[in-house]
Amino acid sequence: MSTETLLRLENVVKHFPVHSTRLLRRTEGVVHAVDGVDLDVRRGETVGLVGETGCGKSTLARCILRLYDLTSGRITFGDTDITELSRRKMRPHRKRMQMIFQDPYGSLNPRRRVGPIIGDPFAIQNVADGEERKRKVQELMELVGLNPEHYNRFPAEFSGGQRQRIGVARALALRPEVIVCDEPVSALDVSIQAQIINLLDDLQDEFGLTYIFIAHDLSIVERVSDRVAVMYLGKIVEFGPTEQIYNHPRHPYTKALLSAMPSADPDVAEARERIVLRGDVPSPIDPPSGCSFHPRCPKAQQHCVDVEPPLEVKFTDPPAHRAACHFPVGDGEVLAHATPELALDTEGDVL
């Protein structure tokens, strides 16, 4: 893995307006989908993005690919600032970044044959046509473990795992540098998940790919990622090397997520204390002041309400491991029965 920074995000913000009615289109507020994210991605590594549904993982991924325009912030890809490039000027950079979607059934047009689906990137970028395009597509099919003779079949004639391989082949067509994997195995059976993960590993080794891997399954993220970013309510609350995050979590939210991770070892599973967070995730339309996690945090204090914590190194952790928490979790600290000093009501407001 290289130390070269391929992708840099600086204070990336994406807000979606909330309208009162379709007719008046009066803006009543904004959804803080992504709220000030800083992130560096190195060439050849896999960065895992984890967090609850609605925390902003997929929105951040679409911002990186410029499928969404940013509300503010900056994205640098290689040596190029792509933040405000027009669609025409972004087109050459599209070759360098691709996406594998979550649903292998919904991401493929059922009325089109597999060959033209995989060959679309060649057509859009005017890279190859005719027999040359067909040859390239069949080479891609063979590369991802599909039979090239099935070029003229429809997606419905393939299994779920095979359809995801079609999606992988389409993403690889233009030999991109970065591939965003948006929960690429969550819709597949467990046995098929392992096959797709192994395929992605092999392709990364062969082509030097850089992955941004979004998933809910923490065990899969641990398996594939070099570094992990934990997101909560549009912000990264902890970021660092995978081993550090999993063995020495500093943010209470990270600790709670890991406590819910299943284990194949019954002794480990029995010894682990499950941390049940109180309440629900606050509304992204009106996020809490200070630390956005304070309404649910077992360690919350008044300082958490008043001041937003910076993402920084805690204790004697290595510089690459940072957490946004005023009162980080120490090694061996038990949170399952912790009683917060801050009294909150059922809505997360201070009493």
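Every number in this text was worked out from the coordinates using simple rules, so none of it is lab data. These numbers come from a predicted model, not from an experiment. Counting neighbours? That spans all protein chains shown, and the Cβs are built from the backbone with ideal geometry, glycine included.
Were the residues from Ser86 through Glu10 laid out at 0.36 nm apart, the gain over their Cα-Cα distance would be 25.4 nm. For the range 28-136, the list of chymotrypsin sites (Phe, Trp or Tyr not before Pro) that fall in a loop by DSSP and count at most 16 other C-beta atoms within 10 angstrom reads Tyr68, Tyr105. The ranking of Glu4, Glu10 by Cβ neighbour count inside 10 Å, starting from the fewest, reads Glu4, Glu10. With all projection directions averaged, the alpha carbon convex hull of the range 112-244 covers 9.2 nm². Note on Ile64, Ile275: ascending count of other Cβ atoms within 10 Å places them as Ile275, Ile64, the fewest first.
Within straight-line reach of Lys299, meaning a Cα separation under 17 Å, sit the following lysines at least 8 residues removed in sequence or on another chain: Lys255, Lys314.
The calculated FRET efficiency for His19 paired with Asp306, based on their beta-carbon distance and R0 = 25 Å, is about 0.20. Taking label points 7 Å from Cα along the Cα-to-Cβ direction, Glu131 and Leu174 give a separation of 2.7 nm. For the Cα trace of the range 283-327, dividing Rg by the Kirkwood Rh returns an Rg/Rh value of 1.03. The candidate values are [x] -0.25, -0.55, -0.68, -0.81; [y] -0.22, -0.49, -0.60, -0.73; [z] -0.19, -0.43, -0.54, -0.67; the one derived from this structure for log10 I(q)/I(0) by the Debye sum over Cα atoms at q = 0.06, 0.09, 0.10, 0.11 Å⁻¹ carries the label [x]. From the alpha carbon centroid of the range 80-145 to that of the range 287-319 is 42 Å. Enumerate by residue number the trypsin sites (Lys or Arg not before Pro) in the range 71-155 meeting two conditions: DSSP loop (anything except H, G, I, E, B), and at most 10 other Cβ atoms within 10 Å of the site's Cβ. Of the trypsin sites (Lys or Arg not before Pro), the ones in loops of the range 71-155 whose Cβ has at most 10 other Cβ atoms within 10 Å are Arg111. Summing +1 for each Lys or Arg and -1 for each Asp or Glu among the other residues whose beta-carbon sits under 12 angstrom from that of Arg227 gives -4. All other residues with a Cβ under 14 Å from the Cβ of Leu70 taken together, and with Lys, Arg as +1 and Asp, Glu as -1, what is their net charge? Its environment carries a net charge of -1.
Among the listed pairs Lys14/Lys57; Lys14/Lys235; Lys57/Lys235; Lys89/Lys136, those with a Cα-Cα distance over 19 Å are Lys89/Lys136. Sorting Thr316, Thr83 from the fewest to the most surrounding beta carbons within 10 angstrom yields Thr316, Thr83. Where Lys and Arg each count +1 and Asp and Glu each count -1, what net charge lies around Phe154 among other residues with Cβ under 10 Å from its Cβ? Combined, the nearby Lys, Arg, Asp and Glu give +3.
Legend: P(r) of the range 125-202 from all alpha carbon pair distances, 5 Å bins from 0, whole percents, reading 3, 14, 26, 24, 19, 10, 3, 1. Estimated from helices alone, the mean residue ellipticity of the chain at 222 nm is -8500 deg cm²/dmol (sum of -39500 (n - 2.57) over DSSP H runs with n ≥ 4, per residue). Once the C-beta distance of Ala264 and Glu206 is scaled by a Förster radius of 25 Å, the resulting FRET efficiency is 0.25 to the nearest 0.05.
Modelled label positions at Thr53 and Glu273, each set 7 Å beyond Cα in the direction of Cβ, lie 3.0 nm from each other.
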